[in-house]
Amino acid sequence: DLDFQSLELFWNDKTVALLMRFYESALSEMGVGAREADGSIAQVGEEQGVDDETVTSQSGEEVQNIGGDLQGGKTKMQVSASIQSLSATLMRDGAAVVRMEMTAASCKYEGAAQGSKTSGKLGNFVVVDLSREEGHFKEKLGLRDTSQSVVTFQSHRYVSGSEGYPGYDSMLVVEMSSTRFVYTRGFMEELRQYISEEPLIGSIMGMTASAVAESAKKAAGHHRRGQGLMKVKCRLVNPLVVLPADEGREEALVADLGEILLENRFEAGSEGRAEHFAVQVKAMNLREAGGGYLLEKVDLGLDGHRCIGDGIGPAFEFDVTMSDLNTEISERQLLLARRVVLAFGSG
């Protein structure tokens, strides 16, 4: 069991840049460039006969051995970790730009011969704009009801052929409570620019995006052939998107995206296995902040299926439904919508 209390981090762009230059200088003095260092790691992996599916680190080998013991029924593992508060303030030239904080985060892993289960929750995740002294929308992201957890999840992995194997290899269940996201082009552009200019965060984001894209590509290929199938059930409760016409004023359009449900299932039929999926959006609304509705109680539905297996293409068949649009827009609301559109365009 790992239990952490609070950690507050101040991320100064100039300090990080100096540390990065020091690291590169140290490598240069040792006669090892960054590419050479990466190459030496790859060479060690080749000499040891390590393939793409094997973890090359010392700790990774230990995890792999434990995994073998788990599948053999020799060992059961349980690991839990939690942190009360983790806060990061991004700084530019000594001035705070944005603060991000997560609270009450916990995760638990349980492994056995039949598979494993990972579950956890995140109490809240808050993003606050600190670059502007004035403004009505300082908090850009956060829970609407702080007594709830922003997200809870369960992930199951099953061993093919084991007792109780459900016919798919993994399952993911996610539930997200109602959050409020304030979108302003100026803030988003400033945050994007900070990340692109800050060397370490930019590097991490780039490597993460590449790794995710590669993993998604492999997973899509396996899924198309009927391998590595994942059952998914996600529920998002009324996410709220606020679109201000002007950050210095309270006027805004508010989009309540309703209750969003996403679920799939797998079935065996005369033509082979098939995946069925459904997306439901219930009671979407669009209104002016503190005022009347532009759109009210709009429902959307998407149902589809596809055949899976070797030699079967990825073609989907789906059907989309939408409820009647109940709308009554006044001249004042139309003017507000136009100002919001112009705010997006002006940055």
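Structure data summary
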item	result
Label-to-label distance, nm, for residues given as Leu2 and Lys297 (7 Å Cα→Cβ offset)	4.9
Counted charge near Arg92, where neighbours are those whose Cβ lies closer than 11 Å (Asp, Glu -1; Lys, Arg +1)	-4
Pairs beyond 18 Å (Cα-Cα), from Lys14/Lys140; Lys121/Lys233; Lys140/Lys282; Lys76/Lys108; Lys117/Lys231	Lys14/Lys140; Lys140/Lys282
Additional length obtainable on full extension of the chain from Ser25 to Ala268, 0.36 nm per residue less Cα span	81.5 nm
Peptides 144-154, 179-189 ordered by average Cβ neighbours within 10 Å, highest first	179-189, 144-154
Heavy atoms of Lys217 accessible to a 1.4 Å probe, total area in Å² rounded to 10	150
Summed residue charge, Cβ within 15 Å of Lys297's Cβ, Lys/Arg positive, Asp/Glu negative	-4
Net length gained if the chain between Arg192 and Val320 were fully extended (0.36 nm per residue, minus Cα distance)	42.6 nm
Distance (nanometres) between label positions extended 7 Å along Cα→Cβ at Glu110 and Thr208	2.9
Theoretical FRET efficiency, 1/(1+(r/R0)^6), r = Cβ-Cβ of Lys76 and Glu139, R0 51 Å, to 0.05	0.75
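The values are calculated or read from the model by the stated rules, or taken from the named source; none is laboratory data. Just so it is clear, the structure is predicted and the values come from calculations on it, not from any experiment. Positions of Cβ are generated from backbone atoms using ideal geometry, with glycine treated the same way; all protein chains shown enter the neighbour counts. Quick note on the areas: whole protein, heavy atoms, side chains included, nothing else; ligands and nucleic acids left out. Shrake-Rupley method; radii C 1.70, N 1.55, O 1.52, S 1.80 Å.
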